[in-house]
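Notes to accompany the following structure.
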Protein chains: 4
Amino acid sequence: MDMKEGVYYGDYLQIDKLLSAQQLESDKEGNKHAHDEMLFIIIHQTYELWFKQVLYEVSSVMDILEQPNINDNSPDIFTINHRLNRVVTIIRVLVDQINILETMTPLDFLDFRNMLRPASGFQSVQFKVLEAHLGLRMENRHGKDYYVSQLRPNDVQAIKDIENRKPLIQLVNNWLERMPFFDGNEYWQGWDNKTNEHPFWEKYMELYGNSLVDGEKFNLKRFEEIMLGDEKKPEWQLSPKARRAALFIMMYRDYPLLQSPFGLMNLLLDIDESLSTWRFRHMNMVHRMIGMRTGTGGSTGKDYLRGAMERHYIFAEFAELTTFMIERNKLPQLSHALKTRLGFDE
Amino acid sequence: MDMKEGVYYGDYLQIDKLLSAQQLESDKEGNKHAHDEMLFIIIHQTYELWFKQVLYEVSSVMDILEQPNINDNSPDIFTINHRLNRVVTIIRVLVDQINILETMTPLDFLDFRNMLRPASGFQSVQFKVLEAHLGLRMENRHGKDYYVSQLRPNDVQAIKDIENRKPLIQLVNNWLERMPFFDGNEYWQGWDNKTNEHPFWEKYMELYGNSLVDGEKFNLKRFEEIMLGDEKKPEWQLSPKARRAALFIMMYRDYPLLQSPFGLMNLLLDIDESLSTWRFRHMNMVHRMIGMRTGTGGSTGKDYLRGAMERHYIFAEFAELTTFMIERNKLPQLSHALKTRLGFDE
Amino acid sequence: MDMKEGVYYGDYLQIDKLLSAQQLESDKEGNKHAHDEMLFIIIHQTYELWFKQVLYEVSSVMDILEQPNINDNSPDIFTINHRLNRVVTIIRVLVDQINILETMTPLDFLDFRNMLRPASGFQSVQFKVLEAHLGLRMENRHGKDYYVSQLRPNDVQAIKDIENRKPLIQLVNNWLERMPFFDGNEYWQGWDNKTNEHPFWEKYMELYGNSLVDGEKFNLKRFEEIMLGDEKKPEWQLSPKARRAALFIMMYRDYPLLQSPFGLMNLLLDIDESLSTWRFRHMNMVHRMIGMRTGTGGSTGKDYLRGAMERHYIFAEFAELTTFMIERNKLPQLSHALKTRLGFDE
Amino acid sequence: MDMKEGVYYGDYLQIDKLLSAQQLESDKEGNKHAHDEMLFIIIHQTYELWFKQVLYEVSSVMDILEQPNINDNSPDIFTINHRLNRVVTIIRVLVDQINILETMTPLDFLDFRNMLRPASGFQSVQFKVLEAHLGLRMENRHGKDYYVSQLRPNDVQAIKDIENRKPLIQLVNNWLERMPFFDGNEYWQGWDNKTNEHPFWEKYMELYGNSLVDGEKFNLKRFEEIMLGDEKKPEWQLSPKARRAALFIMMYRDYPLLQSPFGLMNLLLDIDESLSTWRFRHMNMVHRMIGMRTGTGGSTGKDYLRGAMERHYIFAEFAELTTFMIERNKLPQLSHALKTRLGFDE
């Protein structure tokens, strides 16, 4: 075999470039080699490589959802789900990777910790871009001002620029709003309504009210407030119309046409959950590593991380919808016309 | 081979008994079979089996620590660490098991959820006994009154009875207090002290103060407050004397005699961390399953779980000690006599 | 709250029964308590509980597939995939559980190992029933005779009885054979064929042959042998007709109607893979625990386990189909009629 | 804060360099972008980064063991165990990463598979260097000739050069051989011996013979062959003298001086086990991805990987030692002098 022809593993993966990108501060003149700094660098580099991959997948999903219309007979939703599932799989490995960093003891970290000031994992632009792409808004970030102060202006700008593109949650909201079944008259023949609500939701609200035990009745008011009506409050990520579509999908998910949309919403929740687990374990790890001292970036360490963990759930409005579900055997029967519409051509 | 002789797998494990302990509420007369109730029962049963094992290990560790003295030349600390490591390994699997419960969708749970009222995972006596054994005090429990109201009187009593035995953290505290090195005069010859502190800690406090950057100076006051002196405040789990021993171990852990004690403290932190991850993932799972509705036990669901998660760290006072560490190359040199004492016979 | 009413956690889960099912041989009169025997019992009991759950899911899937026909507009395939995914999630936890058993050292095992003779994990009837349900035939079992000799006659019979029911792989084979698209004349208008093959496969075989590099040409012969024709050889789990359907699904999986069937086949491979990982890690663990000694059941230990691991793949014929795929951009274009048939009603 | 001073996260980690090292073959002129090629590149790059870290740790451990003598009162063994434990933690994450690659379907891989020829994961020089460092010899490599033919001459040379350094297993062997306890006359007073064996092993062999059940008696012969005597056969990694020390440590590991050495041997087995799990899952993944086709590197794919998996256990001779253990309560009592020697100075 002639090695000059074709692709060679080491060239293809740019191994030389990759393996020459670890410069220890503790190996610089005047410092003393700190064995564990190599681990510190390499684990952060693998995180950044994976962030690139996650961004690549999320961005490709956004490309698909930015189309004015999604054809249910195209592979679009299938592809979206496949890629979001990959994102979840990656984040789960990122959570496990914390086990590796935890093999570094506080004393070993102290050997080089002060050499890194004021750098901080906090400055990962890719992670912030990811959060912004998913739907975290600058105004909702925990410790926003502090956060801006730690980044170079071009990095702040890069993150702000993201906000000019509709984030994933907004694209999903818009896709849900386009769900056509409630608008088609042919699907609701025989359904009365005495209010100005759609007959399905009028009926549903009654059933939901009946399902609540004492001490839960306030949920009915909440249902009315966030699920009915047309207005989307500025602080909401999802409009009432999109919420109705989402809840409908969650309950009638057994119909073929709704299976993939149901899967999509579950994957969004999986992303939120795995990301929040990452933040939680990261917070615990930092607490164990530096106690109550300030991080290398000058942040108040654990407290900052706790705030971010609690506030940076992005898809919580989807999770909240389960509050409004009723038992399957009490669900309103759909019309034959709608059942046909939700199925395969036969 | 004659099957009548010797042990038979199925008998030994009491498989018949085990596999006949799943009675679905939804299979009772008048109810409709809910497929996922089997999973719900079996996952809780595996949790209870593992809790039994964890309690068995923790209790055996407490037996060892309840001895008036621990001989460093006995296998005691080795055995303790081995068993605590097993506890951590088990808890990590318990965290992973949540993945299994998450294959149950909210709609599937609704099929039998109401049949279980008012039972609740909240009523696991073994889990509460475990927390009490480790060191969680009834008075520090989140939502204590509510908690008592949900259990049968004999179960409440069973948990209260635990508090008559010194919990693990107290036993560890007492073991740390017995660490002899600071008391032996022969180890500190030539160390001056101008205060009424032990010369080591007088020197250490000076070094620690120097290591603090601006904006961290308040830590010095905290050091004085919780590390020096003799008094143990009632709300503390660890006495200052035990804390000093623990910090000393964390910093001089390279000496043979201190390696296993260092391992022991790390394992306590691993237990806290893995248990808290379990609580965190459990909380997220419940939120996803029932949204903002009350749990089957009538608790406010997610909010209760969040409170417990935040307040039920048991070994946090060990984690806090890292706040007070200084760099290895600035550590005071120990005397030859002490170095010898910390090593093997030669 | 009145505790007498309603369901109580401890009663519901039969905790007392569950926690009284651990009788250590080493605690019997004349023996010496062996600390680790508790772990040995409990881990095997959790395995058995999970096997029950896996059997419950697999059996429910078989119930669905035993219907003479599966309506694509029913939730059937959705439900099957949901449950098989749960099975995979469970098996992955069972693999992780081996980490727990590995905290038992060989010396600790020796403390009670001889008391268990001749019992052996080998005698888990549920595991063998599971393998039989999935499709492992008695005649293909590694060390079949030995295997029969170790079980009580009624346990052997229980496993044999399973073989009277069509196993999962056979049910899937039959479902694949019913795939109607190749039979419908309307879908293949304009496709010539000069051989007695279906025009699609005639075309496909040509394309496949072109895609093979030198040294792979023998695959074309294999393609002809196992994919074309009507006869199913007795040693095959899948008929050529079912294989053709499966390969078609794997390649045109982007069409809505084929997405779930594609998912189903992937899940079968996930089951094979996770089960084989379990067998592999189990084999390594046993080797480490007892070296080259015979197991408590008298088996030759590691060698038996290796043989089972290598021979007990059940869905390997699905994995082999990837050998016969061609690049997506070279796939034959489907007719408009067929594309419509594979999509949603619009 | 002035961003120009101090360390900046992005610079420190060389993020720009890192994130510019992904050049897709499918993005080159004339080719069609294959979405999943990015994943393929990034996962291999993270593997290579982690291999660098593992090599860094293993090499540092070898540095320590290359000392002519290891002082038990130095932190040496503690440090070795800490780093080997990190290695195991990393490899476990590498195993989990396979889950990510499995989100790539065979059809998606085909989109760019042919563009990579003849590159192959097979050509990872770092992985082969790691195997060589641990102790795999070129002559024992599965498919050695084929293997050499696939690499550039300088890469082959790089791996061969490793063999000039004593591998880890050899260093451990030599360290075990230096264990002094059998040589010191003062430790064995009162022990008779009638053969030319050391009295401990004479006694031990008798006890071991008694512990064997029928059908295991051949193990006694094996014991004599590999454990006694002085000669090390060329095909052995461990000498009889080192094996005796290792077995002694495994059985008397409760004595303080032997605890860390026992830990070290366990970690070597953990490395073997986790590496073999990686190879096993990799083999399964490849089989699923390409079936029976040849790999991009021209290898026979699965068959090569199976051979490597079965033959590349490096520390199997340690695992085999458990074959020769006897029950703890039958172990010969050590003399008082030796017990003292194995403990701390008091």
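Considering only residues of segment A:173-188 that are open to solvent by less than 20 Å² (accessible area, probe 1.4 Å) and touching a Leu at 6+ places or on another chain (Cβ under 7 Å), which is modelled with the highest pLDDT?
Here the answer is A:173.
Consider residue C:148 against the criteria (1) at the interface with chain B (Cβ under 10 Å from one of its Cβ atoms); (2) more than 30 Å from residue B:98 (Cβ to Cβ); (3) under 25 Å from the mean Cα position of the chain (by Cα); (4) surrounded by fewer than 19 Cβ atoms within 10 Å (Cβ to Cβ): it satisfies all of them except one. Which criterion is unmet?
(1)
Considering (1) buried (at least 17 other Cβ atoms within 10 Å of the Cβ); (2) among the aromatic types (Phe, Trp, Tyr); (3) in a loop (DSSP other than H, G, I, E, B), say which one residue D:191 fails and leave the rest.
Among (1) buried (at least 17 other Cβ atoms within 10 Å of the Cβ); (2) among the aromatic types (Phe, Trp, Tyr); (3) in a loop (DSSP other than H, G, I, E, B), residue D:191 violates only (1).
Checking the structure you have, find out if any residue of segment B:41-48 is among the charged types (D, E, K, R), open to solvent by 10 Å² or more (accessible area, probe 1.4 Å) and either modelled with pLDDT of 95 or more or farther than 30 Å from residue A:323 by Cβ (or both). Before you say what the answer is, go through the steps one by one.
Looking only at segment B:41-48, we keep the residues that are among the charged types (D, E, K, R), and these are B:48.
Subsequent filtering for residues that are open to solvent by 10 Å² or more (accessible area, probe 1.4 Å) retains none.
No, segment B:41-48 contains no residue that is among the charged types (D, E, K, R), open to solvent by 10 Å² or more (accessible area, probe 1.4 Å) and either modelled with pLDDT of 95 or more or farther than 30 Å from residue A:323 by Cβ (or both).
Within segment D:251-274, count every residue that is open to solvent by 20 Å² or more (accessible area, probe 1.4 Å) and more than 15 Å from residue D:80 (Cα to Cα).
The qualifying residues number 2.
Please state which one of B:137, B:152, B:165 is charged (D, E, K, R), within 18 Å of residue B:317 (Cα to Cα) and out of contact with any strand residue (DSSP E or B) (no Cβ under 9 Å at 6 or more places or on another chain). Even if it seems obvious, please write down each step before you answer.
Details: B:152 fails: within 18 Å of residue B:317 (Cα to Cα); B:165 fails: within 18 Å of residue B:317 (Cα to Cα).
One residue alone meets the criteria, B:137.
How many residues does segment A:318-336 hold that are crowded, with 19+ Cβ neighbours inside 10 Å and either more than 8 Å from chain B (Cβ to nearest Cβ) or farther than 19 Å from residue A:199 by Cα (or both)?
Summing the residues that are crowded, with 19+ Cβ neighbours inside 10 Å and either more than 8 Å from chain B (Cβ to nearest Cβ) or farther than 19 Å from residue A:199 by Cα (or both) in segment A:318-336 gives 5.
Could you tell me whether segment C:278-293 includes any residue that is open to solvent by less than 20 Å² (accessible area, probe 1.4 Å), at the interface with chain D (Cβ under 7 Å from one of its Cβ atoms), at negative phi and of a type in the set (Lys, Arg)?
Checking segment C:278-293: at least one residue is open to solvent by less than 20 Å² (accessible area, probe 1.4 Å), at the interface with chain D (Cβ under 7 Å from one of its Cβ atoms), at negative phi and of a type in the set (Lys, Arg).
Residue under question is residue B:209, and the condition is that it be more than 14 Å from chain D (Cβ to nearest Cβ) and on the phi > 0 side of the Ramachandran plot; does it hold?
Numbers: more than 14 Å from chain D (Cβ to nearest Cβ): yes; on the phi > 0 side of the Ramachandran plot: no.
Criteria not met by residue B:209.
When you go through (1) touching a residue at least 24 places away in the same chain (Cβ under 8 Å); (2) part of a helix (DSSP H, G or I) one by one for residue B:238, which number turns out not to apply?
The number of the failed condition is (2).
Going by what's in this entry, would residue C:306 be described as touching a His at 6+ places or on another chain (Cβ under 8 Å) and surrounded by fewer than 20 Cβ atoms within 10 Å (Cβ to Cβ)? Step through it out loud before you land on a result.
On the way: touching a His at 6+ places or on another chain (Cβ under 8 Å): no; surrounded by fewer than 20 Cβ atoms within 10 Å (Cβ to Cβ): yes.
No, not satisfied.
May I ask you to say which residue of B:215, B:143, B:209 is free of Cβ contacts under 8 Å to residues at least 60 places away in the same chain, more than 25 Å from residue B:63 (Cα to Cα) and surrounded by 12 or more Cβ atoms within 10 Å (Cβ to Cβ)? Can you show your working first?
Details: B:215 fails: surrounded by 12 or more Cβ atoms within 10 Å (Cβ to Cβ); B:143 fails: free of Cβ contacts under 8 Å to residues at least 60 places away in the same chain.
Checking each option against the conditions leaves just B:209.
Which pairs do you get when a residue that is under 18 Å from residue C:268 (Cβ atoms), found in segment C:85-97, comes within reach of a residue that is open to solvent by 30 Å² or more (accessible area, probe 1.4 Å) and hydrophobic (A, V, I, L, M, F, W, C), reach meaning Cβ atoms under 8 angstrom, with the pair 6+ apart or on two chains?
Going by the 8 Å Cβ cut-off, the qualifying pairs are C:91/C:278; C:94/C:278; C:95/C:278.
Could you tell me how many of the residues in segment A:211-234 are of a type outside the set (A, V, I, L, M), in contact with a helix residue (DSSP H, G or I) (Cβ under 8 Å, 6 or more places away or on another chain) and in a helix (DSSP H, G or I)?
5
Of the numbered conditions (1) of a type outside the set (A, V, I, L, M); (2) open to solvent by 10 Å² or more (accessible area, probe 1.4 Å); (3) over 30 Å from residue A:150 (Cα atoms), residue D:11 satisfies every one except a single condition; which is it?
Of (1) of a type outside the set (A, V, I, L, M); (2) open to solvent by 10 Å² or more (accessible area, probe 1.4 Å); (3) over 30 Å from residue A:150 (Cα atoms), only one is false for residue D:11: (3).
Suppose we filter segment C:1-55 for residues that are at the interface with another protein chain (Cβ under 9 Å from one of its Cβ atoms), outside any helix (DSSP H, G or I) and among the polar types (S, T, N, Q); how many remain?
Residues flagged as at the interface with another protein chain (Cβ under 9 Å from one of its Cβ atoms), outside any helix (DSSP H, G or I) and among the polar types (S, T, N, Q) within segment C:1-55 amount to 4.
Report, ordered by the first and then the second residue, all pairs with beta carbons closer than 9 Å, sequence separation of six or more or different chains, a first member in segment B:177-202 that is within 19 Å of residue B:224 (Cα to Cα), and a second member that is at pLDDT 90 or above and of a type in the set (S, T, N, Q).
From residues that are within 19 Å of residue B:224 (Cα to Cα), the pairs are B:177/B:239.
Quick one: count up the residues across segment B:250-266 that are touching a residue at least 24 places away in the same chain (Cβ under 8 Å) and not small (Gly, Ala, Ser). If you could, list the steps in order and put the result at the bottom.
Narrowing segment B:250-266 to residues touching a residue at least 24 places away in the same chain (Cβ under 8 Å): B:250-252, B:255-258, B:260-261, B:263-265.
When the remaining residues are screened for being not small (Gly, Ala, Ser), the result is B:250-252, B:255-258, B:261, B:264-265.
The number of residues fulfilling the criteria is 10.
From the list B:109, B:78, which one is over 30 Å from residue B:152 (Cβ atoms) and of a type in the set (Phe, Trp, Tyr)?
Working: B:109 fails: over 30 Å from residue B:152 (Cβ atoms).
The conditions single out B:78.
If we scan segment C:157-168, do we find a residue that is within 14 Å of chain B (Cβ to nearest Cβ), open to solvent by less than 20 Å² (accessible area, probe 1.4 Å) and within 15 Å of the chain's Cα centre (by Cα)?
no
The values are calculated or read from the model by the stated rules, or taken from the named source; none is laboratory data. Keep in mind that this is a model prediction, so the values were computed, not measured. In this analysis, Cβ positions are derived from the backbone assuming ideal geometry, glycine residues included, and neighbour counts consider all displayed protein chains. Remember, those area values only see protein heavy atoms, side chains included, never the ligands or the DNA or RNA. Shrake-Rupley method; radii C 1.70, N 1.55, O 1.52, S 1.80 Å.
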